[in-house]
Amino acid sequence: MPLRSLMSRHKAIFVYAGLAALVLSGCQRSEEKDELPTRPVKTQAVSFNPEDTFGSLVGEIQPRVETSFGFRQGGEIRERDVEVGDRVEVGMVIARLDSEDAQDALRKAEANLFSAQSTSQNAEIERNRQQQLFPRTSTRQQLDAAIAQANVAQAGVDAAEAALRIAQTNLDNRTLKANGAGVVTGIGGEVGQVVGGGQMVVRVAQVGPRDAVFQVPEATIQTANSNAHVDVRLLSNPNVKASGSVREISPTANPVTRNFTVRVGLDNAPEEFRFGSSVRGTIQIAGAPVARLPMTALFNQNNQPAVWVVDPASNTTKLVPVEVHRFDTQDFLVSKGLSSGDQVVVAGVQQLRPGMAVRLLEGSVQ
């Protein structure tokens, strides 16, 4: 046989042998793939629940009723008998103004009243005398004049008495007295200072119910229930606590901070809750339903969060994009993308592929 013909025959044999080897290798790999066992996974059932968050703010203790005392009329302060922190009782004198002018006015009013009373008595005597003389020796004109003079004199007495009451009131108003028991929380005038009518001289907080006052953002007010229960703890000693409910919300926001003033009425506030003490208030706020999953279940799909869900019918995996409400230290909260009861893979998610057959491990949360 010629050499060229022999080489061509051997070459064809090698080609057929190579094709046969490739076919056998593909069949073997297909059989090996079919024989791979299903991947065991650990899952957790999705459960949506309202997210109860706890808003926390720092405020201070303030009296529920606080009165600012001032004189009705202006003048120079001659005496102030209280300081900040002093306790006052009903009727206690807390300050006095210079009263010399008021005393002079009172003495003048008393003298005018005495003069008017004397004039009235003389006019009354003259009227009675004219009535006795009429009509024998007195004319009708004289009697009418006596009666008119007596009426004018009595009107003078009435005016003098009113002026005396006003002078006495002006003198009394120059002495400032407490109208309730409490504690002095502020001073607005010193001895020797000239103050105007109505200007605050002493501020007194009534002893009794107390409020915890907070500056609350608008978003918190909109989401919180106005009847919500508030826990209040002393900032310096959290073991000292009280509870209460919202008593008053300011109708307008602070022009600088844009926060609203909220007053929480405290029930049985302890003595440690002194006026001005810093406290922390905690309120429970109900949010939208969310599902809590461990961070090990989170998968990245095109820079978007996703999770692997096991199809209960075929026990295969599918990748589901989700909307994350919030990330915590070890968990994350899902707001959209899942349904209650979905089985989410919580371990080994980086080894999964779409449509992969899996079986649930013991310990999976149903």
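The values are calculated or read from the model by the stated rules, or taken from the named source; none is laboratory data. Computed from a prediction, not measured in an experiment: that's the story for all the values here. Here Cβ is always computed from backbone atoms with ideal geometry, including for glycine, and neighbour counts include all displayed protein chains. When the accessible area is computed, the model is the full protein with side chains, heavy atoms only, and any ligands, DNA or RNA have been set aside. Shrake-Rupley method; radii C 1.70, N 1.55, O 1.52, S 1.80 Å.
Which of the peptides 97-105, 260-268 is most tightly packed, and how do the rest follow, going by the mean number of other Cβ atoms within 10 Å of each residue? Walk me through the numbers on the way to the answer.
Numbers: 97-105: 15.9, 260-268: 17.8.
My ranking of the peptides, most packed first, is 260-268, 97-105.
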Quick test of the membrane-span-like rule: which DSSP H helices of the chain reach at least 27 Å along their long axis (C-alpha atoms) with mean Kyte hydropathy at least -0.5?
3-34, 140-172
For the chain, just list the percent of Cα-Cα distances falling in each 10 Å bin from zero outward, please.
4, 13, 11, 11, 11, 9, 8, 7, 6, 5, 4, 3, 2, 1, 1, 1, 1, 0, 0, 0
Straight-line reach from Lys336: which aspartates and glutamates have a Cα under 16 Å away, not including same-chain ones fewer than 8 places off?
Glu51, Glu323
Student exercise, the chain dipole from Lys, Arg, Asp, Glu Cβ charges, in Debye to nearest 20
1680 debye
Counting only the heavy atoms of the protein chains, how much of Lys42 is accessible to a 1.4 Å probe, in Å² to the nearest 10?
90 Å²
Check: C-alpha center the stretch 213-277 vs C-alpha center the stretch 108-148, spacing in Å is 72 Å
What is the antiparallel percent of DSSP beta bridges lying wholly in the chain, to the nearest 5?
95 percent
